[in-house]
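Please read the structure below before turning to the comments.
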Amino acid sequence: MTGATFVGMPAFPEAARAALADSQLRHNLAHATGTIRGKRARVVGELDDWEELRTRAAGVKDAALADLETHLLTLEERLTAAGATVHWARDAAEASAVVAQVARAHEVDEVVKVKSMATVEIGLNEALAAEGIAAWETDLAELIVQLGDDLPSHILVPAIHRNRAEIRQIFVDKMAAAGRPAPDDLTEVPSELANAARLHLREKFLRAKVGVSGANFAVAETGTLVVVESEGNGRMCLTLPEVLVSVVGIEKVVPTWAELDTFLQVLPRSSTGERMNPYTSTWSGVTPGDGPQEVHVVLVDNGRTRALADEVGRQALRCIRCSACLNVCPVYERTGGHAYGSVYPGPIGAILNPLLKGVGVDEQVDSLPYASSLCGACYEVCPVKIDIPSVLVDLRAQVVDAHRGGRPSVEAAAMKGAGQTFASSRRLGLAQRLTGLGTGLARRLGLAPAWSSARDLPTAPPESFRAWWRRTDGGRS
Amino acid sequence: MAAYGRGSLVSARDEVLRRVREATASATATPPARESREPRPGDVDRFAERVADYKAVVERCGPDEVEARIAAALDGAVAVVPDGLGYAVPGSVPDDGLSATDLDGIDAVVTLARVGVAETGTIVLDHGPGQGRRALSLVPDLHVCVVRADQVVADVPDAVASLDPARPLTWISGPSATSDIELDRVEGVHGPRTLHVLVVG
Amino acid sequence: MRVALMVTCLGDTLFPEVGKAVVRLLSRLGVEVDFPEGQTCCGQPMVNSGYLDEAVPAVRAFAAAFEGYDAVVAPSGSCAGCARHQHGLVARRADDPALAEAVATLGSRTYELSEFLVDVLGVTDVGASFPHSVTYHPTCHSLRMLGVGDRPLSLLREVRGIDLRELPGEAECCGFGGTFAVKNADTSVAMGADKARHVRETGAEVLVAGDSSCLMHIGGLLRRQRGGVRTMHLAEVLAATEGASPGASPEPDRLPA
Ligand code: SF4
């Protein structure tokens, strides 16, 4: 796995079919997303300037992206001045190599990790494993995924597809092989499960020499990185090791310290549905006598500049990974995250993966922009106002365009036919008389079976509206 | 410390920057204007209420009661105290370079804070005098935190404006917690499982 | 004011009763409505599938057919939304500034039915009578692309004899989504099945919505489930008057299983 997408995953419709058949999964997802939707709505409703905050958050990010080179150079300069070492990586392999190099230089065979989307995206754990270095995930949900040898299925809660009983079983079966075993009398009460994670990971935190993190935000003007979290595992990784490596996507830049406040307001409310998350850590390089004394920052491209060059899709780089769009998405709620085949699932994944990787190359990636009914619920909640439906439609056009030129598919031929039919009302009237356009089109596309397997098709009426209008002079005769 | 990979990766830097430049050649956007404002004092009642919403223990007290309240909150637990705390904590351990493992053997920590945020019930530590280095308020399981009423500001923008980003900052909203099991919040994971806040004055 | 009916390709071909209901309703309210015969389709089926070039002829036909009208009324949030928010995209694709200008003007004059009634005509009581139990599904494009808000409900509330029942999870998508319904048929059906279940939970006789496409999808599921719930377009309910039998969409028993 060297990109945002898991290799060997089937295209979305097929993967979704498998997920839909799993009733336990659907129950877990409906329960979890239902809970969080309610919490989010409550805390967002508390603020009377919510819409203003969204607009501001989007505006700050847009301005940051428009002048990204300047901000990245400032960030590099401020970080270096504050005692950090800045690295650049074009792609996943380069980014992982930097982390591995740091670990090797300190002769460690393990690192502790704060939950970070970027490090999953670049396949860091696999890259480190290949060098004999164990990367311990310390976020509870990541730990569940790692112990269960599973794939993440949600941005905020990668183990959202697991319920408490399944989590208990994973802990009982797998903790011992990774370190301290689960307590003998472990039940499925969430607080006990959380305590088992506390006990299991404590020894790793205390002995770790190298910590690895991502960053939610990177403030250019001050060289400050920000990690937003809940459990304190982040603080452990950012504070206790001697060496810290942070893998940061270049789009994480916030130009000024003052502008951070908007994000610290919108992120927790959108994400966990809280006024504020339990812990937020900010640091600028090395602080003598406090925390890691060797600090590295890896600035990663890995497709971001490709997305940045896309005038419509560029807005996806505003994303602050809150996962609100997943939680309200009716498709996500039913298929779960694995169907998207990527560390970035849900509505944002449906646009971000094709934007990072490009379309017209991989069938699975090309299927993602179609994994949406375009209902717009994601756009409505997105704290940085990413117009996901519009980007989806634009990407669909890119997918279609990428396939133009070759032998046209059945669909392309049918769309061309429909386009010609709709060019004039005369042709449309003719088509209506011949076939009943809708059912005829459905049949020509080979779609009638897909529709009719669970839904009755309406029968075409004897007379179209336009025929009625003409016959009756608009009902007047 | 030789810069890791600097030699081989210098071209990565140039290339990423070149790609960024090309990708944004036609992009323009002006940052939204902000009116600068002075941090406003926050509503202390609201602050106390909202800290308590996170299932932290919150007590209000006068300046002369602080030491007694700290002792009561510790209830015999051994606490580590940072330099400059300014309150006597009998039986406490000073922070003279304790290792993480040492700290793990200590029950509690007592610190001051830098700012309180009324709107969100958040306490911010900038790890200056009386607050200790970051590990101190992290590893022990009970964190007793003394916040002066005059440190409470109204909201997050006021807090950000009054903080120095050059310092490491820790924003604390209640005890450690997780929503990772069925998206339900459970208090108590890796950070202190009990947060005891004394609001003074 | 010159008012044109945009009947939509689906309404023209499969659900002509909806267009007739709009004509009856508007004429009762004193609005003489035209049906420009040059109209075909808004182009949304092509646009939302990614076939922008193929959408150009439809958008040209739209611009030509409705040129000069003061208002274009569509009994569809989705098609009105396409005219307002997507035609510009197609015109840019065609690299045709004149078309872009034409669709920009037309887009601002295109209204979904409830918008036209409430905002342009300024009525909520349209003099309808419909003594049945009804639940209303706000379709996504009405709700979120156009932002019609509670206009449809404010119209329904004034209908004589109506027993309006709240639909649980009303704002959630029914799963139609144009070609989504067939490209991702399993997911679409799973969403629709939940919607149909919520509809049945209300115990209402009739499911009403402002888009025939969504009704076709939910109705198809309801009929397959033999739920005994009829589907009707908002226009059909608002056009219904005392004594006049409403032109409902086909009854469950009239359809082949
Ligand atoms: S796209 Fe918006 S809603 Fe979705 S994760 Fe990103 S910021 Fe959150």
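Compute the long axis of helix A:190-207 from its Cα atoms, compare it with the longest principal axis of the Cα atoms of chain A, and write down the angle in degrees, 0 to 90, nearest 10.
Taking the Cα atoms of chain A, the angle to A:190-207 is about 50 degrees.
If R0 is 41 Å, what FRET efficiency do you get for A:Asp473 and C:Thr124 from their C-beta distance, rounded to 0.05?
The value I calculate is 0.85.
Under 12 Å from the Cα of C:Lys195, which aspartates and glutamates turn up, not counting those fewer than eight places away in the same chain?
Once the sequence-local aspartates and glutamates are set aside, what remains near C:Lys195 is C:Glu170, C:Glu172.
List the lysines whose alpha-carbon lies under 20 Å from that of A:Lys252, not counting same-chain residues fewer than 8 positions away?
The reachable lysines, counting only those whose Cα sits under 20 Å from A:Lys252, are A:Lys61, A:Lys113, A:Lys115, A:Lys357, A:Lys385.
Given the peptides C:59-70, A:54-65, arrange them by the average over their residues of other C-beta atoms within 10 Å, most packed first.
For the peptides C:59-70, A:54-65, the packing ranking is A:54-65, C:59-70.
Extending each Cα 7 Å along its Cβ direction at B:Val57 and A:Glu14, get the distance between those two points in nm, one decimal.
5.9
With a Förster radius of 60 Å, plug the Cβ-Cβ distance of A:Arg207 and C:Arg2 into 1/(1 + (r/R0)^6) and report the FRET value to the nearest 0.05. Could you put the intermediate results ahead of the total?
Details: r = 80 Å, r/R0 = 1.33.
With R0 = 60 Å, the Cβ-Cβ based efficiency is 0.15.
For A:Thr187 and A:Glu126, compute 0.36 nm times the residue count separating them, minus their Cα-Cα distance, and round to one decimal in nm.
Values: separation 61, 0.36 × 61 = 21.96 nm, distance 3.16 nm.
Contour length minus the Cα-Cα distance gives 18.8 nm.
On C-alpha positions alone, give me the angle between the axis of helix A:260-271 and the longest principal axis of chain A, in degrees, nearest 10.
Result, in degrees: 70.
Write out the cysteines belonging to chain C for which the nearest other cysteine Cβ is not under 4.7 Å, or none if no such cysteine exists.
Taking the Cβ cut-off of 4.7 Å, the unpaired cysteines of chain C are C:Cys174, C:Cys214.
Per-residue Cβ counts within 10 Å, from other chains only, averaged over A:191-201: what number is that? Present the calculation step by step, with values, prior to reporting the outcome.
Working: counts 7, 1, 5, 11, 4, 0, 5, 8, 0, 0, 2.
So the per-residue partner count for this stretch is 4.
So what's the back-of-envelope 222 nm ellipticity for chain C, counting only DSSP H runs of four-plus at -39500 (n - 2.57) apiece and dividing by all residues, rounded to 500?
Calculated mean residue ellipticity at 222 nm is -13000 deg cm²/dmol.
Taking R0 as 56 Å, what FRET efficiency do you get between C:Asp70 and C:Glu242 from their Cβ-Cβ distance, rounded to the nearest 0.05?
Numbers: r = 32 Å, r/R0 = 0.57.
So the FRET efficiency works out to roughly 0.95.
What distance in nm lies between label points placed 7 Å from Cα along the C-beta direction at A:Glu46 and A:Glu363?
The modelled label-to-label distance comes out at 4.9 nm.
Once you measure Cβ to Cβ distances between cysteines in chain A, which Cys have no partner under 4.7 Å?
For chain A, the answer is A:Cys237, A:Cys319, A:Cys322, A:Cys329, A:Cys382, because their Cβ atoms have no other cysteine Cβ under 4.7 Å.
Hey, got the average number of other protein chain Cβ atoms within 10 angstrom for residues in B:133-142?
Mean number of neighbouring Cβ atoms from other chains: 4.
Highest mean first, what order results for C:215-221, A:242-248 on Cβ atoms within 10 Å? Don't jump to the answer; show the numbers that get you there.
Working: C:215-221: 26.0, A:242-248: 24.0.
My ranking of the peptides, most packed first, is C:215-221, A:242-248.
Over all directions, what mean area does the Cα convex hull of chain C project, stated in square nanometres?
For chain C, the mean projected area of the Cα convex hull comes to 12.7 nm².
Under unit Cβ charges (Lys, Arg +1; Asp, Glu -1), what dipole magnitude, rounded to 20 debye, does chain C have relative to its Cα centre? Kindly include the intermediate steps, with their values, before the conclusion.
Values: 23 positive and 31 negative charges, 100 e Å.
Dipole magnitude for chain C comes out near 480 debye.
How do A:His106, C:His233 line up, fewest other C-beta atoms within 10 Å first?
By the 10 Å Cβ count, ascending: A:His106, C:His233.
I need the per residue convex hull volume for the protein assembly as shown, using only the alpha carbons, in cubic angstrom as a whole number.
Numbers: hull volume 156.8 nm³, N = 935.
For the protein assembly as shown, the hull spanned by Cα atoms encloses 168 Å³ per residue.
P(r) tail for segment B:40-200, what percent of Cα pairs lie past 28 Å?
Values: 1980 of 12880 pairs.
Every Cα pair in segment B:40-200 considered, those over 28 Å come to 15 percent.
Please identify, among B:Leu169, B:Leu112, B:Leu183, the residue showing maximal mean-square fluctuation in a Gaussian network model of chain B using a 10 angstrom Cα cutoff.
Among B:Leu169, B:Leu112, B:Leu183, the largest GNM mean-square fluctuation belongs to B:Leu183.
Run the Debye formula on the Cα coordinates of segment A:12-304, all scatterers equal and no solvent, and tell me log10 I(q)/I(0) at q = 0.08, 0.16 1/Å.
-0.36, -1.40
Could you tell me how many degrees, from 0 to 90 and to the nearest 10, lie between the Cα long axis of helix C:52-66 and the main elongation axis, the longest principal axis, of the Cα atoms of chain C?
Between the helix axis and the principal axis of chain C, the angle is about 90 degrees.
Once you put a point 7 Å from the Cα of B:Thr28 and another 7 Å from the Cα of C:Glu101, both along the Cβ direction, what distance in nm separates them?
Result: 2.3 nm between the two label points.
Ranked by Cβ crowding within 10 angstrom, fewest neighbours first, how are B:Arg60, B:Arg167, A:Arg426 ordered? Numbers along the way, then the final one.
Details: B:Arg60 15, B:Arg167 18, A:Arg426 11.
By the 10 Å Cβ count, ascending, the order reads A:Arg426, B:Arg60, B:Arg167.
Any idea what Rg and Dmax come out to for segment B:1-119 if you just take the C-alpha atoms, in Å?
24.7, 65
FYI, it's all coordinate maths here, none of it is from the lab. If you're wondering where the values come from, they're calculated on a predicted model, not measured in any experiment. For neighbour counting, all protein chains shown are included, and Cβ atoms are generated from backbone atoms with ideal geometry for every residue, glycine included.
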